[in-house]
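Presented below is the structure to which this report refers.
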Amino acid sequence: MTAAGNDRPPTVRQLRLVVEADDYDAAVAFFRDALGLPERAAYSGGDGARVVILEAGRATLELANPAQKRMIDEVEVGRQVAPRLRVAFEVDDSRAVTERLVAAGATEVAPPTVTPWQSLNARLDGPAGLHLTVFQELLEPEERSTRDGFGTDA
């Protein structure tokens, strides 16, 4: 049974977040080269049109109500900073990735911080106007699911 409570198979096969980047080359260098997202495809067209599709591992869509968004900002940064859209990347080492991304041009908004949900999260402002979280899970999913406040809405 799916989380939605029915037996239908998922119909979505891929999530793509399409971002317009005024400085396309800088954005590609940041996300592909500094963050390490592998390039899966690239296309170009007339009038200088270019796009690159970068693999970002497993994609999820995280929906949060305003109270949850405010709480996450407070925990990770100490104040409200995130716009309506924030892109989060799970990484193996939040501290090292944060240092690498700052060296590649990101602005650190908040350093890696241990959250109540046991991840190590850093906030950055990156290219193309994207507000970013890089996070490292400190607990295995099985261990996290046994803690108060963790589970699913299903």
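The values are calculated or read from the model by the stated rules, or taken from the named source; none is laboratory data. Keep in mind the model is a prediction, meaning the values are calculated, not measured. Cβ: placed from backbone, ideal geometry, glycine included. Neighbour counts: every protein chain shown. Remember, those area values only see protein heavy atoms, side chains included, never the ligands or the DNA or RNA. Shrake-Rupley method; radii C 1.70, N 1.55, O 1.52, S 1.80 Å.
Here is how the numbers come out for the structure above:
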quantity	calculated
Carbon plus sulfur fraction of accessible area for the chain, probe 1.4 Å, in percent	50 percent
The chain, relative contact order [Cα under 8 Å, separation at least 6], %	20 percent
Percent of Cα-Cα distances greater than 17 Å, calculated over the range 63-154	50 percent
Given charges at Cβ of Lys, Arg, Asp, Glu: the chain dipole, positive-most of T98, A59, P9	P9
Model label zone, D125; criterion: amide N under 18 Å from point 7 Å along Cα-to-beta-carbon; scope the range 65-84	73-74, 76-84
Stretchable slack from Y43 to R84, in nm (0.36 nm times residue separation minus alpha-carbon distance)	11.9 nm
For the chain, size of Cβ-based charge dipole, Lys and Arg +1, Asp and Glu -1, in debye	360 debye
Where labels lie 7 Å past Cα in the beta-carbon direction, separation of E142 and Q14 in nm	3.3 nm
Crossing angle, helix 94-103 versus the chain [Cα axis fit, 0-90 degrees, rounded to tens]	20 degrees
Tilt relative to the chain, helix 66-76 - C-alpha long axis, 0 to 90 degrees, to 10	80 degrees
Estimated [θ] at 222 nm from DSSP helical runs (n ≥ 4, -39500 (n - 2.57)) normalised by residues in the chain, nearest 500	-5500 deg cm²/dmol
